[in-house]
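No lab work stands behind these numbers, since they all come straight from the coordinates. Keep in mind that this is a model prediction, so the values were computed, not measured. Quick reminder, even Gly has a Cβ in these numbers, built from the backbone with ideal geometry, and neighbours come from all protein chains shown.
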Amino acid sequence: MDEEQREGTERLRQIVAGMKRGVFFGGAGVSTESGIPDFRSQDGLYRQKYKYPPETILSRTFFDRHTAEFFAFYRDKMLCLSAEPNAAHKKLARWEAEGKLAAVVTQNIDGLHQKAGSRRVFELHGSVLRNFCMDCGRSYPVSAVAEGTGIPRCACGGVIKPDVVLYEEPLDAATLEGAVRAIRAADVLIVGGTSLNVYPAAGLIDYFEGDRLVVVNRGAPARAVPGCLFVNGKIGEVFSAL
């Protein structure tokens, strides 16, 4: 940790010490430290194995037109069920238990915040752990998708769809409203593990009305965040030092 990062971490420690209703807004960088890849990047393996980029495969149009191919990719790349919470997940759960953190707003779909002990979590993009029949609405655990092959089917014959927000699909209105209310009421907003380039989620930080805004990320965010404290580094490493 260099001097600039140490200074930023110390300022963050002071902010957290006085935090009473903080909110954490997190992205893929929170989960990559648990071994879950960031699928926005397309590496050589993708090009060798898949004919389409991840953003195409994870769209509603692709799901409807090429359902079997969608599930082949989904099982191979999106289900990391052996992943465990890292230092960032655990620290956030601890802050909530101590009464410092009011909510977690996450773009991730892996359920690691809840696994670490966080209770008030707004999952903007859904969760791989929840699945439902598109015909009758029956709920299914992740095993119904993970342990099968081909297109998972309900007892009624309908397709079982993961409860995740695909490209071209809107965010869940109730989840979005809850996240906005939490951010508006926060005295501290900590943004971590995201470059703030995925909308509409990235626009949620504009609802923050407080004056203590922190961004912890490897590299500067894609959008300007005036007046924030920026700590350049891996969020798990930074949170471990708090």
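May I ask you to derive the relative contact order of segment 136-208, considering only C-alpha pairs under 8 Å and at least 6 residues apart, and to give it as an integer percent?
Taking the mean separation of contacting Cα pairs over the length of segment 136-208, I get 21 percent.
Hey, any idea what Rg/Rh is for segment 49-100, computing Rh the Kirkwood way over Cα pairs?
1.26
Give, as ranges by residue number, the residues of segment 188-203 whose backbone N falls under 16 Å from the point 7 Å along Cα→Cβ of Ala220.
Within reach of a label on Ala220, which here means backbone N under 16 Å from a point 7 Å along Cα→Cβ, segment 188-203 contributes 195-197.
I want to check the label-to-label distance for Ile151 and Glu4. Put each point 7 Å from Cα in the C-beta direction and report it in nm to one decimal.
Those two pseudo-labels are separated by 5.2 nm.
Say the cut-off is 31 Å between C-alpha atoms; which of Lys77/Lys100; Lys115/Lys161; Lys161/Lys234; Lys51/Lys90; Lys20/Lys77 go over it?
Lys77/Lys100; Lys161/Lys234; Lys51/Lys90; Lys20/Lys77
Roughly what % of DSSP beta bridges within segment 112-242 run antiparallel, to the nearest 5?
Percent antiparallel among DSSP bridges in segment 112-242 is about 50.
Per the Kirkwood treatment, what hydrodynamic radius in Å, one decimal, follows for segment 84-226 from the mean inverse distance over all distinct Cα pairs?
Taking every pair of different Cα atoms in segment 84-226, averaging 1/r and inverting gives 16.7 Å.
For segment 115-165, report the translational diffusion coefficient in µm²/s to the nearest whole number, using Stokes-Einstein at 37 °C, 0.692 mPa s, and a Kirkwood Rh over Cα pairs.
The diffusion coefficient I find is 279 µm²/s.
Looking at the chain, what % of its DSSP beta bridges pair antiparallel, to the nearest 5?
If we restrict to bridges inside the chain, about 30 percent are antiparallel.
HN-Hα J couplings of segment 202-217 from phi, Karplus 6.51/-1.76/1.60, θ = phi - 60°, integer Hz, Gly and Pro as x?
Each residue's phi maps through the Karplus curve to give 4, x, 5, 5, 5, 7, 5, 10, x, 10, 10, 10, 10, 10, 10, 6 Hz.
Between segment 152-190 and segment 59-80, what's the alpha-carbon centroid distance in Å?
Segment 152-190 and segment 59-80 have Cα centres separated by 18 Å.
From Cα pairs below 8 angstrom and at least 6 apart in sequence, can you work out the relative contact order of the chain, rounded to a whole percent?
25 percent
Give, rounded to the nearest 20 debye, the magnitude of the charge dipole that the chain has about its Cα centre when Lys and Arg contribute +1 at Cβ and Asp and Glu contribute -1 at Cβ.
It comes to approximately 360 debye.
If each residue of separation counts as 0.36 nm, what is the full-extension length gain between Arg120 and Arg181 once their alpha-carbon separation is subtracted?
20.7 nm
Taking segment 25-160, how much of its Cα-Cα pair set, in percent, is spaced more than 19 angstrom apart?
It works out to 56 percent of all Cα pairs.
Check which residues have an amide H placed less than 5 Å from Asn131's amide H, if you skip close sequence neighbours.
When sequence neighbours closer than 5 places are left aside, the close amide H contacts are Tyr140, Asp163.
What are the ³J(HN,Hα) values, in whole Hz, obtained from phi via the Karplus relation 6.51 cos²θ - 1.76 cosθ + 1.60 with θ = phi - 60°, for each residue of segment 12-23 in sequence order, with x given for Gly and Pro?
Once θ is set to phi - 60°, the couplings for segment 12-23 become 5, 4, 5, 5, 5, 4, x, 6, 10, 8, x, 10 Hz.
Would you mind telling me the antiparallel percentage of the DSSP bridges in segment 80-178, rounded to 5?
Bridges in segment 80-178 are about 75 percent antiparallel.
Among Phe62, Pro152, Pro141, whose Cα lies farthest out toward the positive end of the dipole of segment 26-159, if unit charges sit on the beta carbon of Lys, Arg (+1) and Asp, Glu (-1)?
Value: Pro141.
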